[in-house]
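The values are calculated or read from the model by the stated rules, or taken from the named source; none is laboratory data. What you see is a predicted model; the values in this text were computed from it and never measured. Quick reminder, even Gly has a Cβ in these numbers, built from the backbone with ideal geometry, and neighbours come from all protein chains shown.
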Amino acid sequence: MQWMNRVYPFSFSRRRCFAAFDAILSCNFLRFLPELRPSLVGTGVLFLLICPFSALAQTATTNRNVILRRDPSTASVALAHLSQGARLTLVDDAPTSAFYHVRTEDDQVGWVWSKYVTLSKPPTPPPPTPPTAPPPQTQCDPSLWTHVYHPLRLIVKQQCISVTGIIVDATAGKKSDGVRHEADGDTHGWLNVDPEFENLLNAGNISDEGGNLVFEIVCRFPVSQQDAKAACANYTDHVSLPPVGSHVQVVGTLVQDTFHAKWIEIHPVTRITVLP
C-alpha cells in the first residue's frame, strides 16, 4: 500500500471511500460520453481494491435515545432522532471528536455521540474448509484408437466415460491377473459395476459376460493374430491393471462390440485407478 500513499497522500478511511465513490456514481454526464465508461469501470475496480467492504463493516446499536447529527459536534444540525436499540453500521471504525460516523438501517448517514453507541461483537469467521482430494482424472487419450484392432466393429456410445466397480475374474482362475489374453494383444477383463452404472449393461453383458462390463486394455500382451500386429507395432501399453477384487475407476471410450453377443465394453481403456 506504500505506492498508494505516495500517489494519494491521505488516509483511505471508509468514509472517504464511500464519499469518493458516491461522487463517481453521481457523474451523470458519463452516459453521454460512452468512451469514458471503461474508465469508470476501472475506477470501480480500484475502489473495491482500496476500500473496506461494507459486508465486513463494524455494526453497533444505540444504548439510549440519541440524535443523529450532520457533523461530529453537539452544535451540528440534527438529522434524525434515533431510539434506543437502533441498529447502525460504522462508516469509520474509529471515533472522531468522540462521535462515530454511522449509517442507519434506512441509509441515513451522520454522526452519533460515541458513548451512546454499543459496538457489536465481530462475527466469528467460519472454520477453514479442509482441502478435498482431487477427483480422479477422467480425460481420455484419443491416440489409443490408433492401436485398436478393427475399430470399425465398435459402435461408440460415449467418447469418454468414467465407470467405477470391482474387478472380477474373467478367466475362471486360469490367469493370475484375472483377464483373458486375447490374440490381438488386448485384455478382456470384467468390471462388476457399481449400482449407478448398471444401466450401461445390455443383454450381451448378461448372457455372455456374467453380468459384467467388459474392459479392454489395448496391446497389453504379445500379439499372435497376424492381421492385428500392425495396430500394436511400436507401441507399449502403460495402463495399470490392479488385481482382482480391487475397487477401481475405469476411464475410456464406451462402445458396443458388433461381433459376438454385441455386449457393451470400455475399449480402449485410458487408465484404471484404484479407489479407497
Just wondering, is there one or more residues in segment 22-43 that are surrounded by 10 or more Cβ atoms within 10 Å (Cβ to Cβ), touching a helix residue (DSSP H, G or I) at 6+ places or on another chain (Cβ under 7 Å), modelled with pLDDT of 50 or more and of a type in the set (A, V, I, L, M, F, W, C)? no
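Please go through segment 81-95 and pick out each residue that is surrounded by fewer than 15 Cβ atoms within 10 Å (Cβ to Cβ) and farther than 11 Å from residue 117 by Cα.
Quick first cut of segment 81-95, residues surrounded by fewer than 15 Cβ atoms within 10 Å (Cβ to Cβ) only: 81, 83-85, 87, 93-94.
81, 83, 93, 94 - these are the residues of segment 81-95 that are surrounded by fewer than 15 Cβ atoms within 10 Å (Cβ to Cβ) and farther than 11 Å from residue 117 by Cα.
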Give the residue that is surrounded by the fewest Cβ atoms within 10 Å (Cβ to Cβ), with candidates limited to residues of segment 257-271 that are of a type outside the set (Val, Ile, Thr) and touching a helix residue (DSSP H, G or I) at 6+ places or on another chain (Cβ under 8 Å). 259
Going by the conditions given, is residue 113 out of contact with any Lys or Arg (no Cβ under 8 Å at 6 or more places or on another chain), assigned by TED's automatic domain parsing to the domain that holds residue 72 and either buried (at least 17 other Cβ atoms within 10 Å of the Cβ) or farther than 30 Å from residue 78 by Cα (or both)? yes
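Are any of the residues in segment 224-242 touching a Leu at 6+ places or on another chain (Cβ under 8 Å), more than 20 Å from residue 139 (Cα to Cα) and not aromatic (Phe, Trp, Tyr)?
No, segment 224-242 contains no residue that is touching a Leu at 6+ places or on another chain (Cβ under 8 Å), more than 20 Å from residue 139 (Cα to Cα) and not aromatic (Phe, Trp, Tyr).
What strands (runs of 3 or more DSSP E), lying completely within segment 122-237, carry at least 2 residues that are out of contact with any helix residue (DSSP H, G or I) (no Cβ under 8 Å at 6 or more places or on another chain)?
Values: elements: 154-168, 187-193, 213-215.
Per the criteria, 154-168, 187-193.
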